[in-house]
Amino acid sequence: MTCENGHAVAVVDARSRAVLGTIPFEGESARPMGIVASRDGRRVFVTTGRGRAVVSIDTGTGRPTAQVEVGARPWGIALSADGGTLYTANGPSNDISIVDVARFAVTGRVGVGDGPWAVALAEPAP
């Protein structure tokens, strides 16, 4: 669970609803906003709002493993069905960033209009 004002991600046991710990984010501008888990559960990807980035966190260690700048105030985030591509809604940039998960690099941007906050994907069933 993202904790924007606490500059952290809370690790929560879904069954007991207990907070198991927190993963702090460095810097005043790094405010965790959106979060999505990889299909295998080994990583979570977190947008940082004013931090302009997406951070990859190893769920086994609770440590960040990679970061990529995506645009102004990324809020929403979505992961493709195959787990290979991330999409971030970048509010003031008025665009969506496309991130290759394997390389953890931005491969493109798509203009979408004023102030996007969220991303939803609809992919055809295999």
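Every number in this text was worked out from the coordinates using simple rules, so none of it is lab data. The structure presented is a predicted model; accordingly, all values stated were derived computationally and were not measured. Cβ atoms come from the backbone with ideal geometry, glycine included; neighbour counts cover every protein chain shown.
Once you've got the GNM for the chain with C-alpha springs shorter than 10 Å, pick whichever of VAL46, VAL19, VAL54 has the biggest mean-square fluctuation.
Evaluated over the chain, the most mobile residue of the options is VAL19.
Return the single residue from SER56, SER29, SER97 with maximal mean-square fluctuation; model: Gaussian network over the chain, springs between Cα atoms under 10 Å.
SER29
Which of GLY41, GLY62, GLY71 moves most in a GNM of the chain, Cα contacts under 10 Å?
Sorting by GNM fluctuation, first place goes to GLY41.
Per residue, how big is the convex hull of the chain when only Cα atoms are used? Give it in Å³.
Here the figure is 114 Å³ per residue.
Any idea what the dipole of the chain comes to, in debye rounded to 20, about its Cα centre with Lys/Arg Cβ at +1 and Asp/Glu Cβ at -1?
Computed charge dipole of the chain: roughly 200 debye.
Just flag the GluC sites (Glu not before Pro) in the range 1-104 sitting in loop per DSSP whose Cβ has no more than 13 other Cβ atoms within 10 Å.
GLU26, GLU28
Can you tell me how much longer the chain between ALA37 and ALA81 gets when fully stretched, taken as 0.36 nm per residue apart minus their C-alpha distance, in nm with one decimal? Spell out each step's value before the answer.
Details: separation 44, 0.36 × 44 = 15.84 nm, distance 1.16 nm.
Stretched out fully, the ALA37 to ALA81 stretch lengthens by 14.7 nm.
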